[in-house]
1. Please list, ordered by chain and number, the residues whose modelled amide H lies under 5 Å from the amide H of residue 318; skip anything fewer than 5 residues away on the same chain.
2. Let me make sure I get this right: for segment 370-427, a, b and c are the square roots of the gyration tensor eigenvalues over alpha carbons, sorted descending. Under 1.5 in a/c it's rounded, otherwise prolate if a/b > b/c, else oblate. Which is it?
3. Convert 25 °C to kelvin, take the viscosity as 0.890 mPa s, use the Kirkwood radius over C-alpha pairs of segment 383-489 as Rh, and evaluate the Stokes-Einstein diffusion coefficient in µm²/s, rounded to a whole number.
4. Need one word for segment 64-172: rounded, prolate or oblate. Basis is the Cα gyration tensor (sqrt eigenvalues a ≥ b ≥ c); a/c below 1.5 gives rounded, then a/b vs b/c decides.
5. If the reach is capped at under 24 angstrom between alpha carbons, list the lysines near residue 514, excluding any in the same chain fewer than eight residues apart.
6. Per-residue ellipticity at 222 nm for the chain, helices alone: DSSP H runs ≥ 4 residues times -39500 (n - 2.57), over residue total, nearest 500 deg cm²/dmol?
7. For segment 188-293, rounded, prolate or oblate, judged on the Cα gyration tensor with a ≥ b ≥ c (square roots of eigenvalues), a/c < 1.5 rounded, else prolate if a/b > b/c?
8. Could you order the peptides 250-258, 500-508 from most to least packed, using the average number of other C-beta atoms within 10 Å per residue?
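What follows is calculated from the coordinates using simple rules that are stated; it is not laboratory data. Source: prediction; values computed, not measured. Neighbour counts are summed over all protein chains in view; Cβ atoms, including those assigned to glycine, are modelled from backbone coordinates with ideal geometry.
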Amino acid sequence: MASTAAGGRWLHGPVPDLLLGCGLWYVAALALLCFAGPEIRTGGGSTWLPLAALLFGTPHYGATLLRVYERREDRRAYVVFSVWATLALIAVFALAVHDALLGSLVLTVYLSWSPWHYSGQNYGLAVMFLRRRGVPVPSLAKRALHASFFLSFLLTLLAQHAGRQGSYVPLDYAGAGYVFLPLGLPQPYTGWAIDALAVAYLGCLGVAGRLLLRGGSLRDLLPTAMLVLSQALWFSVPLLARHWGLLQGLEPLGTRFDTFYFLWIAIGHSVQYVWVTSYYARVGAGWSGLQPYLLKALLAGAVVWTLPVMLFSPGLLGRLSFDAGLGILVASTVNLHHFVLDGAIWKLRDGRVARILLRPRAAPDAPIADAPGRGWLRGAIWAVGAVCIAVTVVVKWESRAIPRALEDGDLTRAMAGARRLAWVGHDSVAVRRALGDEIARRGSVDRAVGEYRRALALQPDAATWYKLGSLYARSGRWEQALAAYQGGLGVAPDEDRLHHEVGAAWLQMGEPAKARDAFARAAALDPEHGMHRVMLERAERMLESGDAAGPGNGGS
């Protein structure tokens, strides 16, 4: 990267700035996804996209940690946020692990705040490019430009809290232990508000563009225009397309694959963040090169993502497995911590930030000096980060290897992988249930029961209770089957198939009156399911005749 490029109108140079910082790569990727989205998604996209989110997202969080904690003067300057706000969030996280409502509130605050965090970064960079180019920014133009980013966020927030499908909150993003809690804003008023805000958003863009063009050329405004476009493609365009029912044949603008396209936005933001923080680090402190900086950011980010999962996994300090809610709670808390720190450290009115980001040819700061006797601590932190990276690699590897082993019938390999996941705090309900299914298929009832019980210890969900009950039923162990089905109803009291199986178990145990009540409840929950009615009539006939069911007479 040429120092002349970094010291003038650009940070790293025109190509990396437009491609990475202003989102040109995202525009190109979105255009490709509009025409080949299904092929990319099904051709391995669902595998490598989370990996890309990890590779870019982890350094993105780590870069903030380096910015706040690496220099002694920064730690002192931001002590309210680096120490006290951090401790408060850790306390909230520890409580939320054991309180579903508090955890859901944490998740809701994270998903509500997230689009503003992204929007604020886009706005700050847009102003930065104008200032570096010497473009006059009248107060009205600045207010209109800021309002456009804020209105884009507000559109997203309204759609989120109206509970609209595809409104930035992915349908399968929240873990089973925690849920997004929308405010439930009433319709049709929310729809009208979105229409009005869309008009105001376009009006603010028009005012800002016209005023800025009076003092700068199109070439001067290109980076800012690209950031406005990125903001629109991340939030405004998909939301308004769904709201107005436009272009729903284009997969990125539809609502069916929310999580997949949510990750694209997250990657776009992360790439942009690493781009600007790497420039700040190079100019603002002792710089040893891009690769060492990215490695340090990766290690720092890995610590905050991995240690909480290991410490608060079931069996240690937690109650839910990673895939049953712990993962999304960690993600929510780490992001909130990131938002809080970012809100403090990236103020363009801050003298040091302004000197580096707004003024061409800023002089580097003095190299960072360790406090006497503290070098060992820095080394220990990097060693922990390396361990966390290794854990992440193990988790990613086993998460792919275990399903392949089960498909190949290699049960020994799959069970060994499940043990390794459990060792690093990623014991999985889905993996344990899949192991139980395979063991049951091979006829080993007691071993299958053990795997289902392990899954229930991680998360007592209705699907696993149903599988356990069905396994007992196939073995003729009706009392245990009944207990399992009733356990499922304790989690999902309106699950009609569980009521049906409870009725079948009661029939097998010679209790037609209890069976009739269970079948009646199943039929009330799903009147379209004909077998509920058939079994209800059978139980009623048995009551009328005074008979009790014998083995094999009560199943569905």
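1. Under 5 Å from the amide H of residue 318 lie the amide H atoms of 313, each far enough along the sequence or on another chain.
2. Here segment 370-427 falls in the prolate category.
3. 169 µm²/s
4. Note, shape of segment 64-172 comes out oblate.
5. The qualifying lysines are 467.
6. Result for the chain, helices only: -23000 deg cm²/dmol.
7. Oblate shape, in that a/c is at least 1.5 and b/c is the bigger or equal ratio.
8. 500-508, 250-258
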